[in-house]
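> Just dropping this structure here.
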Amino acid sequence: MAPALDAAGRPSGAVAADAWNAAHEHLVGFLRDIIRIPSINPPDPPGPELDAANRIAHELRGFGLVPEVLEPFPGRGSVFVRLRGDGTGGEGLLLLSHLDVVPANPDGWTHEPFAADVADGYVWGRGAVDMKGMVALEVGVLRLLAARATDAGLDPASDPIPGLRRDVLFACTADEENGGYEGAGWIVDNRPDLLRCAGAVNEAGGVSAEIAGRRFYPIQVAEKGHEVYRITVRGTWGHASMPREDNALVMAAEAVRRLAVPGEPRVTPVMARLFEEVSAALGAEQAALLAAVAGDDPRRSDAALRAMCEPMYARALRALIRDTISPDVIHAGTKYNVIPGEASIEIDIRTLPGTTPGDIREEILGRLGDLAPACELEHLHSAIPVEAPPDGELYDLLAAAIRAHDPEGVPVPVLAPFATDAKHTIRLGFPVYGFSPLRLEPDEKFLERFHGVDERVGTEALRWGLPVLFDVVATFCG
Ligand SMILES: [Zn+2]
């Protein structure tokens, strides 16, 4: 089911070239508006997330739609709207996104993080890639679909959109950057009717990445799970003039060292398919390196990673073929001359599909070894890994849309090292794909922009992405 192109090779959907230009201009203006709303999470005080939800709702009302703003907790707004199909195509497609952003210290930024400057071909600002750019793409698609109804003299708020057989759902949530419990998590628990669908597209995948001169588009079909533990290490309090072996700080330092050792690699089916499809698109030399990356010799795997990719991508790939443990907090000690009898460590664990919370507890105890009897484990947080099929109607359509709009591009399935709101929506049983289509310049270090300094998204990348997402929606729902 490849998206149709018009005579000029432009995406079809009966959208003319000048209409695409207008849609692009509109999208960039709207993106700048929402970047200027500092919807920081955690909010201090709550409010800006609701402002962002209201601004998005205002935009949708301008298309003739009737959105709903949800505010289950004061100042924490999410927005929802549904465009109807004629009901003959089955369940709808959900355009999922979040409207909150992480904080941005302006030090080191070339442009103010909330000024939304357009310069050097980019829209600059916190949220440009995570993920207001995708919010703007989704809203841009809704605008074009609503116009189909308005142009036909219909009411897009209540009449079926011409050409749509399935509904198109849009949910843009608060609180994703802090676990999503007051956004997507709340909606899943209290208003699941708003989200039920055949499948969803969400943030982060579908963005081009160059490997050895070829342009790949990793489509996110899986996300790692997340476990957080606090480990309290107990020793004996004492006078610092007579050092003790059971100084809790010294024991905690040894525990951190043991916990931080990288684990054994394990290539999950999705990653195996990624390596296979990337190898097939590359030359023999690169394919051999990839085989070593995916192999079971950790030293060869690491050497191959260093040889074939940027340190940033190597770090990501290393995390995608193993469960990871990152010790990130330690507290110990009261005074320099008092041996501490207690220390606490907090560790962040990201698990591959197939690893259970029980496996992780065993792994931690195994690594602590003879320190385990002195350690008390507290399980603070748990989110299981999320998977969607790397084939089937929706995945195949996402891949086809990439190929149609970038014939040299190679779509591949990928596992994400981080979690998104999909960890909540998975409870409703529909597949979620990370697919926020952007075609980047070859040297752009996109991964560094997530939560980073100088976050920005290319205007031409957005210009490419809008018709891709439009074709996905119009084809799947048409
Ligand atoms: Zn995000």
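> Return the residues of the range 141-191 that are among the aliphatic types (A, V, I, L, M), within 16 Å of the ligand (Cβ to nearest atom) and part of a loop (DSSP other than H, G, I, E, B); say none if nothing qualifies.
Once the filter is applied, which keeps residues that are among the aliphatic types (A, V, I, L, M), within 16 Å of the ligand (Cβ to nearest atom) and part of a loop (DSSP other than H, G, I, E, B), the range 141-191 yields only Ala174.
> Give Ala209, Ala204 a once-over and let me know the one that is modelled with pLDDT under 95, away from the ligand (no atom under 14 Å from the Cβ) and within 27 Å of Phe476 (Cα to Cα).
After ruling out the rest, the residue left standing is Ala209.
> Of the conditions (1) more than 16 Å from the ligand (Cβ to nearest atom); (2) in contact (Cβ under 8 Å) with a residue 24 or more places away in the chain; (3) small (Gly, Ala, Ser), Gly429 satisfies every one except a single condition; which number is it?
The single condition Gly429 does not satisfy is (2).
> Right, another one. Got at least one residue in the range 216-232 being in a loop (DSSP other than H, G, I, E, B), within 16 Å of the ligand (Cβ to nearest atom), under 18 Å from the mean Cα position of the chain (by Cα) and over 30 Å from Gly333 (Cβ atoms)?
Yes, that holds for at least one residue.
> OK, next. How many residues does the range 5-47 hold that are modelled with pLDDT under 90, touching a strand residue (DSSP E or B) at 6+ places or on another chain (Cβ under 8 Å) and part of a loop (DSSP other than H, G, I, E, B)?
The qualifying residues number 1.
> Please go through the range 92-110 and pick out each residue that is within 24 Å of the chain's Cα centre (by Cα) and either assigned to a loop (DSSP other than H, G, I, E, B) or without any contact (Cβ under 8 Å) to a residue 40 or more places away in the chain (or both).
If the condition is that a residue be within 24 Å of the chain's Cα centre (by Cα) and either assigned to a loop (DSSP other than H, G, I, E, B) or without any contact (Cβ under 8 Å) to a residue 40 or more places away in the chain (or both), then Gly92, Leu99, Asp100, Val102, Pro103, Ala104, Asn105, Pro106, Trp109 are the ones that fit.
> For the range 106-124, give me the residue count where each residue is touching a strand residue (DSSP E or B) at 6+ places or on another chain (Cβ under 7 Å) and closer than 17 Å to Ser39 by Cβ.
Residues flagged as touching a strand residue (DSSP E or B) at 6+ places or on another chain (Cβ under 7 Å) and closer than 17 Å to Ser39 by Cβ within the range 106-124 amount to 3.
> In the range 125-140, what count of residues is obtained for those that are part of a helix (DSSP H, G or I), within 15 Å of Ala104 (Cα to Cα) and among the charged types (D, E, K, R)?
Within the range 125-140, residues that are part of a helix (DSSP H, G or I), within 15 Å of Ala104 (Cα to Cα) and among the charged types (D, E, K, R) number 2.
> Any residue at all in the range 106-125 that is within 16 Å of the ligand (Cβ to nearest atom) and under 23 Å from Leu466 (Cβ atoms)?
yes
> Scan the range 233-259 for residues that are assigned to a helix (DSSP H, G or I), touching a residue at least 60 places away in the same chain (Cβ under 8 Å) and β-branched (Val, Ile, Thr) and report the count.
The total comes to 1.
> Take the residues of the range 252-277 that are basic (Lys, Arg) and at pLDDT 95 or above: which is surrounded by the fewest Cβ atoms within 10 Å (Cβ to Cβ)?
Looking at residues that are basic (Lys, Arg) and at pLDDT 95 or above, I get Arg257.
> Looking only at the range 433-468, count how many residues are in a helix (DSSP H, G or I) and surrounded by fewer than 24 Cβ atoms within 10 Å (Cβ to Cβ).
Number satisfying all stated conditions: 9.
The values are calculated or read from the model by the stated rules, or taken from the named source; none is laboratory data. Computed from a predicted structure; not experimentally measured. Here Cβ is always computed from backbone atoms with ideal geometry, including for glycine, and neighbour counts include all displayed protein chains.
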